[in-house]
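What follows is a single structure, written as structure tokens, with notes after it.
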Amino acid sequence: MVNPKTVERLVNQQRETGSLEPKKAGNPTPSQLEEHKELLITPLEAHPDWTLAQYCEEIGEKTGVYVTTGAMCRYLKKQKLTLKKKTYRSEKASSEECQQERLDYWQEVKDVKPEDSPIQI
């Protein structure tokens, strides 16, 4: 009840590897970007606010290897490189005075019922 081609493939695998264990799934082909890793890290450090498309364009111009944004994203994830943008808060926002103002405001509005609110939705 098994396709003869499957039996042939398993017999060949047994001869070559000495095992009938299933092969690892996935495509073993390395990324086109692997050989240009050093050229890729430079723009990442120099321009952390660029989009994936901009990195693809830059690498394409420098190396002649043009990849999609999806391929770039997968490669960066595999290398554990992140493109998360930094968020900056005003120094005033963390000051003691500003924190006290926020606390005072929340104390004021905590007892206001939604139906008593001057803002109508």
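So which pairs qualify, if the first residue must be in region 56-76 and within 14 Å of residue 31 (Cα to Cα), the second must be of a type in the set (Phe, Trp, Tyr) and surrounded by 14 or more Cβ atoms within 10 Å (Cβ to Cβ), the Cβ gap must be under 7 Å, and the two must be at least 6 apart or on different chains?
Sorted first by the residue in region 56-76, then by its partner, the pairs are 72/55.
With the requirement that a residue be modelled with pLDDT of 80 or more, part of a loop (DSSP other than H, G, I, E, B) and within 24 Å of the chain's Cα centre (by Cα), what does region 65-121 give you?
65, 66, 67, 68, 79, 80, 81
Of the conditions (1) within 20 Å of the chain's Cα centre (by Cα); (2) assigned to a helix (DSSP H, G or I), residue 49 clears all except one; give me its number.
For residue 49, the exception is condition (2).
The values are calculated or read from the model by the stated rules, or taken from the named source; none is laboratory data. Note that the structure is a prediction, hence the values are computed from the model and not measured. A quick note on method: Cβ atoms are made from the backbone with ideal geometry, for glycine too, and the neighbour counts reach across all protein chains shown.
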